[in-house]
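A short worksheet on the structure shown next.
The values are calculated or read from the model by the stated rules, or taken from the named source; none is laboratory data. Everything numeric here is computed off the predicted structure, so don't read it as measured data. All Cβ positions, even for glycine, are placed from backbone atoms using ideal geometry, and neighbour counts span all protein chains on display. All accessible areas refer to the heavy atoms of the entire protein, side chains included, with ligands and DNA or RNA removed. Shrake-Rupley method; radii C 1.70, N 1.55, O 1.52, S 1.80 Å.
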Amino acid sequence: MASRRRMLLKVIILGDSGVGKTSLMNQYVNRKFSNQYKATIGADFLTKEVQYEDRLFTLQIWDTAGQERFQSLGVAFYRGADCCVLVYDVNVMKSFENLNHWREEFLIQASPSDPENFPFVVLGNKVDVDGGNSRVVSEKKAKAWCASKGNIPYFETSAKEGFNVEAAFECITKNALKNEPEEELYMPETIDVGGGGRQQRSTGCEC
Amino acid sequence: MMLDGTEDEEKFLAAGIAGLQQNSFYMHRALDSNNLRDALKYSAQMLSELRTSKLSPHKYYELYMRAFDQLRKLEMFFEEETRRGCSIIDLYELVQHAGNILPRLYLLCTVGSVYIKSKEAPAKDVLKDLVEMCRGIQNPVRGLFLRSYLSQVSKDKLPDIGSEYEGDADTVSDAVEFVLQNFTEMNKLWVRMQHQGPSREKEKREKERSELRDLVGKNLHVLSQIEGVDLDMYKDVVLPRVLEQVVNCKDELAQFYLMDCIIQVFPDEYHLQTLDVLLGAYPQLQPSVDIKTVLSQLMERLSNYAASSAEVLPEFLQVEAFSKLSNAIGKPDMATAGVVTLYSSLLTFTLHVHPDRLDYADQVLGACVKNLSGKGKIEDKKATKQIVALLSAPLEKYNDIMTALKLSNYPHVMEFLDIPTNKVMATVIIQSIMKNATRISTSDKVEALFELIKGLIKDSDATPNDELDEDDFKEEQNSVARLIQMLYNEDPEEMFKIIETVRKHILTGGPKRLPFTVPPLMFSSLKLVRQLQGQGQEENPFGDDSATSPKKIFQLLNQTIETLSGVLAPELALQLCLQCAEAANDCELEPVAYEFFTQAYILYEEEISDSRAQVTAIHLIIGTLQRMHVFGVENRDTLTHKATGYSAKLLKKPDQCRAVYACSHLFWVDDHDNMKDGERVLLCLKRALRIANAAQQMANAARGSTGSVMLFIEILNKYLYFFEKGNPQVTVAAIQGLIELIMNEMQSDTATPDPSADAFLATTMRYIQFQKQKGGTVGEKYEPIKV
């Protein structure tokens, strides 16, 4: 039977503070958008059932804090990710320049077995702002960067208007599926029928 | 010790992971064969690994995440089970048979999530049950992680507005109640943690607590994401309850962090509408809490909001945000850097929200001055940096120093800066003026401006000439010079006042600055002179002495230049004298021009002793004098006589020769027929020839070979010039003689080859040839010269 592992796809969204990570996720999962800025604390996921090529999957989408001071416990949740989404704001140059940092940070911390081919997707968000008049990162520039990093798929999105969000996540799903799961092949050395009986009991409280 | 600690920790983590993997392996087998009993057994054993007390929060989080991933699969299995007909209520009972409480509660939360989804019981009941049950874990780390698990799995199942779990009545408050309760419990666990364990590990514990903070803060994020939490609910329930918890926990770390969280996770509109409540909480926090950081984060957020759109400004006005914030700041007595940071934030805020209320901005600065008063010059690097930020804010906002000059407290704040920083700020101000091409057009404004940037204008009394980098100093003074050039008013009266004001200030600058600052002032003044002259120079009909006249300006300049010679810059002073003389010449002011020339001559005689400087000066004098037309015969004779005298007395023969033949031009001015004295021209040229001869002989004597013929060729060119100009004294014969002389010199056996002389002569000859071929009068004139 199909392993449960393959039915669950884990996606991590990274990017600077305020680029719209939470909004993109909310737009995709709940079809809701709020103009208010609310910082994210720690990491947090929403799930969505998706159908892809006649099969049902559960997307587990992890939204993260863009502000470092709200990421006090570290990034253990990167582990086992199937796809990493890098988001920047097309109206803020710095957020684009930081994509490299986010990508490298992810590769170091998540240490996927084949970093060269680990699936990323880049989203240039907030294309709706000011009718596009305030944008400072051109589509060409963004695509050039994506091409230089091993042809990362690129989407221009507006979480506010829902523009391209569906298409982007479809691509994210597709790429997450392509990622070979890193099953930590585990074989018990002995078949421990009783299960319990481990010598190491924690001292102190018995809870 | 520490190293062993971390090594041990790695070992414990590895052991934990191994145990977790082993049990999840069996759990998976059970899941694959739909064996519920075994699935529960192995999942409980797997979760037992989370009972460890040996891991730091970071490592524990790693273990927790692995368990978390496994629990997602278990959750999917539970869902399948219910679809296969297993009662969710039975499942909810069944998992409670797990032997240990921690695994039991994790399983309970996991099933609870499925339970809510099944809608067989109201979400609020299940949630209430779960949040109560979690009280069973009182160990802080384990409790915090368990509760954050609960928060995580329940997040998308809260009975929020529009959610499918929304019940009949008042359900949003159930959701809020649930999260608040979980938050309160977590905060208690978190705060209590500091009192557990030996006191010598306090530092380590504080670090661990800090790592755990996001688990607590996350609840606030969850609250902010609940759609049903509208402004009313936030104001009436959420904020008061959260603040109550924050204030009552009396814990520095928690208070600082949670205040920051409140500010960051809830929307700006909410903050504006609850400013009283929020600001009211600050005084109740522990004295050690770093209020200024939190407050400035609030103000930064609000200023960004204000800057985002003009439409939100009425909100700010309506709640009187400015006065509330400025009152809140007034109180705390804290470190200087903190005070300034706060005022800087408040000022940024004010500038965004009330761009038209300069009085507010001034109030902020005034309050800052009051708070800093008595502290003297501030030398704390962080604080001075903040003051620069504070003072730069109005410049950036208005792009106009004039606006800043209207802020009466602006200079007072600047007073607090130490000398280097004061200079930095002054430079920032000048740069702003340059960048925006700000017009500063009244003497009052100039006065205020120079008062502001006085750090660059004069040495302060406190530090007698500190070690300053030469290049930095030059750059600094150059920027002052550029600034002086930019001060302008088209009204001559006002412009003259500006010049007087600038002069007053720069004269205090001392010997090092004057050479930089006097020239621009001079040229500004001469510009005014030209302007007056352009206006037809209506000589004031009433003889009104107070009116600005070129005479008056020249008088001022004369005095200014005198200060330069006093500071050992005689060459510069001489140049400026000549500039003024020429300007006076253009104004037909003979006595003034004569005065400047006399001054230049005195400088030459008394102050300029270096021979190279003399050469440069004499050529400047000759050049200027040649252009002067204002002098009567007598004056001109005197000045010319002196100039030729100086020329002949230069130290080196070649220099003498060149200066003397240059003097020939003093007797031949093209456009003035009364200034054409062919005889004296010839006298100069002959004298130059004699000197060249002497130079030649000296060179021969010294080196035993013929010296350069360069000087002769140069003189030949002068002959040709005057010949062409029609000076009757310059004859073909004389030219012919000179050419032969040169040829002989060059062909003599002892001549040293000199390619540049050869080339010069060849060009000169070609020129004569060319003029011959031109035909017409010129050709005729040249005809008799044989080449």
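I need the helices (runs of 4 or more DSSP H) fully contained in region B:684-787, keeping only those with at least 3 residues that are open to solvent by less than 40 Å² (accessible area, probe 1.4 Å) and modelled with pLDDT of 85 or more.
Filter on region B:684-787 gives B:710-725, B:732-747, B:755-774.
Take A:Ala81 and decide whether it is assigned to a loop (DSSP other than H, G, I, E, B), under 21 Å from B:Asp214 (Cβ atoms), in contact (Cβ under 8 Å) with a residue 60 or more places away in the chain and not hydroxyl-bearing (Ser, Thr, Tyr).
yes
Please state which of the following conditions B:Leu55 fails to meet, knowing it meets all the rest: (1) assigned to a helix (DSSP H, G or I); (2) open to solvent by less than 50 Å² (accessible area, probe 1.4 Å); (3) more than 8 Å from chain A (Cβ to nearest Cβ).
Of everything listed in (1) assigned to a helix (DSSP H, G or I); (2) open to solvent by less than 50 Å² (accessible area, probe 1.4 Å); (3) more than 8 Å from chain A (Cβ to nearest Cβ), B:Leu55 misses just condition (1).
Output the residues belonging to region B:432-461 that are within 19 Å of B:Ser524 (Cα to Cα) and without any contact (Cβ under 8 Å) to a residue 12 or more places away in the chain.
Result: B:Asp444, single match.
Checking B:Phe68 against (1) under 19 Å from B:Ser154 (Cβ atoms); (2) open to solvent by 20 Å² or more (accessible area, probe 1.4 Å), only one condition comes out false. Which one?
Among (1) under 19 Å from B:Ser154 (Cβ atoms); (2) open to solvent by 20 Å² or more (accessible area, probe 1.4 Å), the lone unmet condition for B:Phe68 is (2).
Considering only residues that are under 45 Å from the mean Cα position of the chain (by Cα) and without any contact (Cβ under 8 Å) to a residue 40 or more places away in the chain, which ones fall in region B:571-595?
Across region B:571-595, the qualifying residues are B:Ala573, B:Cys577.
Considering only region B:278-307, how many residues are under 15 Å from B:Gln264 (Cβ atoms), among the β-branched types (Val, Ile, Thr) and open to solvent by less than 20 Å² (accessible area, probe 1.4 Å)?
1
Which of the following residues is basic (Lys, Arg) and over 16 Å from the mean Cα position of the chain (by Cα): A:Lys48, A:Lys21, A:Lys32, A:Lys10?
Matching residue, one of A:Lys48, A:Lys21, A:Lys32, A:Lys10: A:Lys32.
Answer yes or no: is there a residue in region B:368-375 that is in a loop (DSSP other than H, G, I, E, B), surrounded by fewer than 16 Cβ atoms within 10 Å (Cβ to Cβ) and in contact (Cβ under 8 Å) with a residue 12 or more places away in the chain.
Checked region B:368-375: at least one residue is in a loop (DSSP other than H, G, I, E, B), surrounded by fewer than 16 Cβ atoms within 10 Å (Cβ to Cβ) and in contact (Cβ under 8 Å) with a residue 12 or more places away in the chain.
For B:Phe349, which of the numbered conditions (1) in contact (Cβ under 8 Å) with a residue 12 or more places away in the chain; (2) open to solvent by 10 Å² or more (accessible area, probe 1.4 Å); (3) in a helix (DSSP H, G or I) fails to hold?
Unmet condition: (2).
Restricting attention to region B:29-52, report how many residues are part of a helix (DSSP H, G or I) and more than 8 Å from every other protein chain (Cβ to nearest Cβ).
14
When you look at B:Leu158, is it touching an Asp or Glu at 6+ places or on another chain (Cβ under 9 Å), modelled with pLDDT under 95, outside the structural domain of B:Ile226 (by TED's automatic domain parsing) and open to solvent by less than 30 Å² (accessible area, probe 1.4 Å), yes or no?
Answer is no for this residue.
Looking at the structure I just gave you, is B:Asp90 surrounded by fewer than 19 Cβ atoms within 10 Å (Cβ to Cβ) and either touching a His at 6+ places or on another chain (Cβ under 6 Å) or within 12 Å of another protein chain (Cβ to nearest Cβ) (or both)?
no
Just for helices (runs of 4 or more DSSP H) wholly inside region B:421-518: which have at least 3 residues that are open to solvent by 70 Å² or more (accessible area, probe 1.4 Å) and either of a type in the set (Lys, Arg) or closer than 30 Å to B:Gln533 by Cα (or both)?
B:470-486, B:492-506
Within region B:264-284, which residues are of a type in the set (Val, Ile, Thr), within 16 Å of B:Pro240 (Cβ to Cβ) and within 14 Å of another protein chain (Cβ to nearest Cβ)?
Listed by number, the list is empty, since nothing qualifies.
Name the pairs: first residue in region B:613-640 and open to solvent by 20 Å² or more (accessible area, probe 1.4 Å), second residue among the β-branched types (Val, Ile, Thr), Cβ to Cβ under 7 Å, at least 6 apart or on different chains?
Pairs found: B:Gln614/B:Ile608; B:Gln626/B:Val669.
What is the number of the single condition among (1) at pLDDT below 80; (2) away from chain A (no Cβ under 14 Å); (3) within 24 Å of A:Thr22 (Cα to Cα) that B:Gly338 does not meet?
(3)
The conditions are (1) open to solvent by less than 40 Å² (accessible area, probe 1.4 Å); (2) of a type in the set (D, E, K, R); (3) within 16 Å of B:Met27 (Cβ to Cβ); (4) facing chain A (nearest Cβ under 10 Å), and B:Glu81 fails exactly one of them. Which is it?
(4)
Out of B:Leu108, B:Leu71, B:Leu63, which single residue is over 22 Å from A:Lys10 (Cα atoms) and more than 8 Å from every other protein chain (Cβ to nearest Cβ)?
Matching residue, one of B:Leu108, B:Leu71, B:Leu63: B:Leu108.
With region A:6-71 as the region, which strands (runs of 3 or more DSSP E) entirely inside it contain at least 1 residues that are surrounded by fewer than 17 Cβ atoms within 10 Å (Cβ to Cβ) and touching a helix residue (DSSP H, G or I) at 6+ places or on another chain (Cβ under 8 Å)?
Fully inside region A:6-71 and qualifying: A:43-52, A:55-64.
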